[in-house]
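**Student:** Okay, here's the structure, questions in a sec.
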Amino acid sequence: EDIARAAALAASRNRAFDITLSHIGYFARQGGLIPWIGADDSEQLKKLVSTVERELEKCGYKRERRPFKSHITLGREVTLKADKKDFINTIKFDALNVHVSEIYVMESVRQGGKLIYKPLFCARLKS
């Protein structure tokens, strides 16, 4: 409930915007890699993230200590046969412009050994 209210407030204070997905990266974790497609820096996205974090702090949530890295996760617990750097260098794609008009609050739960993302709440950004 607090999280949904924080997301709704943040959405009401931010306008829709465009981002460019332009590069591949990964997070190295104990269970394997988490490959992702990353977005270019965006002042509008930074403002949205800052607003969400500020509203969540008001509800008692602590800010994430790691720096924010805008991305779309491609997989979790991925094991590669090739070197990680080879993986990054072999994937080529054209940059993709994406219009951001909504934010979602998602829950990740394990079901049958798989991580499932369930949308809990959606809020539209201002036009």
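**Student:** For the range 52-70, check the following and say yes or no: at least one residue is closer than 30 Å to residue 93 by Cα, open to solvent by less than 60 Å² (accessible area, probe 1.4 Å) and touching a residue at least 60 places away in the same chain (Cβ under 8 Å).
**Tutor:** No: the range 52-70 contains no residue that is closer than 30 Å to residue 93 by Cα, open to solvent by less than 60 Å² (accessible area, probe 1.4 Å) and touching a residue at least 60 places away in the same chain (Cβ under 8 Å).
**Student:** Under 9 Å between Cβ atoms, at least 6 apart or on separate chains: pull out the pairs that start in the range 32-48 with a residue that is of a type in the set (D, E, K, R) and end on any residue that is buried (at least 19 other Cβ atoms within 10 Å of the Cβ).
**Tutor:** Pairs found: 40/21; 47/14.
**Student:** Can you tell me how many residues in the range 17-34 are open to solvent by 30 Å² or more (accessible area, probe 1.4 Å) and closer than 24 Å to residue 105 by Cβ?
**Tutor:** Count: 3.
**Student:** Looking at residue 37, is it open to solvent by less than 60 Å² (accessible area, probe 1.4 Å) and either in contact with a helix residue (DSSP H, G or I) (Cβ under 8 Å, 6 or more places away or on another chain) or of a type in the set (D, E, K, R) (or both)?
**Tutor:** no
**Student:** I'd like the full set of residues that are among the acidic types (Asp, Glu) and either without any contact (Cβ under 8 Å) to a residue 60 or more places away in the chain or over 30 Å from residue 13 (Cβ atoms) (or both), limited to the range 73-127.
**Tutor:** Across the range 73-127, the qualifying residues are 77, 83, 86, 94, 107.
**Student:** Identify, by number, the condition in (1) out of contact with any strand residue (DSSP E or B) (no Cβ under 8 Å at 6 or more places or on another chain); (2) assigned to a loop (DSSP other than H, G, I, E, B); (3) open to solvent by less than 100 Å² (accessible area, probe 1.4 Å) that residue 49 doesn't meet.
**Tutor:** Failed condition: (2).
**Student:** Residue check, residue 20 against (1) over 20 Å from residue 120 (Cβ atoms); (2) of a type in the set (Ser, Thr, Tyr); (3) modelled with pLDDT under 95, all met but one. Which one?
**Tutor:** (3)
**Student:** Name the single residue that is surrounded by the fewest Cβ atoms within 10 Å (Cβ to Cβ) among those in the range 3-16 being in contact with a strand residue (DSSP E or B) (Cβ under 7 Å, 6 or more places away or on another chain) and in a loop (DSSP other than H, G, I, E, B).
**Tutor:** Selected residue: 16.
**Student:** Show me the strands (runs of 3 or more DSSP E) entirely contained within the range 74-127 in which 1 or more residues are open to solvent by 100 Å² or more (accessible area, probe 1.4 Å) and among the hydrophobic types (A, V, I, L, M, F, W, C).
**Tutor:** Passing ranges, in order: 114-124.
The values are calculated or read from the model by the stated rules, or taken from the named source; none is laboratory data. This structure is a prediction, so every number in the text was calculated from the model and none was measured. Positions of Cβ are generated from backbone atoms using ideal geometry, with glycine treated the same way; all protein chains shown enter the neighbour counts. Note: areas computed on protein heavy atoms with side chains; ligands, DNA, RNA excluded. Shrake-Rupley method; radii C 1.70, N 1.55, O 1.52, S 1.80 Å.
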